[in-house]
Amino acid sequence: MRIKCPLCGERDRREFYYVGDAVLLERPDPEAGDHAWDTYLHLRDNPAGVTRDLWYHEAGCAAWVVVTRNTVTHEVLKTELAEKRRRKLVEGAS
């Protein structure tokens, strides 16, 4: 599988470290309560199909990248810097 780093261009997936579902970027408020934090830390979907994952470009520029991909076909549909995605989430909440 090849992943297009927004900073370095297309690279082999072995340069990246898979972190998990990109929902990790949607961290609850510190005062959200036990249920919200338990859900955030421990509950994950495992869908077959299109997902948004968080990858770390470990052997490259050290960027955090959100990869939209199909887990069945391994096709990468979109990549974007995680910080850019995080800013969109924060601005959308205001």
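The values are calculated or read from the model by the stated rules, or taken from the named source; none is laboratory data. These numbers were taken from a predicted model, which means no experiment stands behind them. Here the Cβ is made from the backbone with ideal geometry for all residues, glycine too, and neighbour counts use every protein chain on show. Just so you know, the surface numbers come from the protein's heavy atoms only, side chains and all, with ligands and any DNA or RNA stripped out. Shrake-Rupley method; radii C 1.70, N 1.55, O 1.52, S 1.80 Å.
Let me have the 222 nm mean residue ellipticity of the chain computed from DSSP H runs of 4+ only, each contributing -39500 (n - 2.57), with the sum over all residues rounded to the nearest 500.
Computed ellipticity for the chain at 222 nm equals -6500 deg cm²/dmol.
Which of the cysteines found in the chain have nothing to pair with, since no other Cys Cβ lies under 4.7 Å from theirs?
61
Figure the gain on full extension for residue 61 and residue 21 (residue separation times 0.36 nm, minus the Cα-Cα span) and round it to one decimal in nm.
12.3 nm
Where does the charge balance sit around residue 17 when Lys and Arg score +1, Asp and Glu -1, over other residues with C-beta under 14 Å from its C-beta?
Around residue 17, the charge tally is -1.
Counting only protein heavy atoms and using a 1.4 Å probe, what share of the accessible area of the chain belongs to carbon plus sulfur, as a whole percent?
The computed percentage sits at 49.
Treating only the Cβ atoms of Lys and Arg (+1) and Asp and Glu (-1) as charged, compute the dipole magnitude of segment 2-93 about its Cα centre; round to the nearest 20 debye.
With only Lys, Arg, Asp and Glu charged at Cβ, the dipole is about 480 debye.
How much area per residue is accessible in the chain when the probe is 1.4 Å and only protein heavy atoms are counted (Å²)?
It amounts to 68 Å² per residue over the chain.
Out of (1) 52; (2) 63; (3) 59, which label holds the value of percent of Cα pairs over 15 Å apart that was computed here?
Only one listed value fits the structure, namely (2).
In nm, give the distance between the simple-model label positions of residue 52 and residue 4, each being 7 Å from the Cα along the Cα-to-Cβ direction.
1.8 nm
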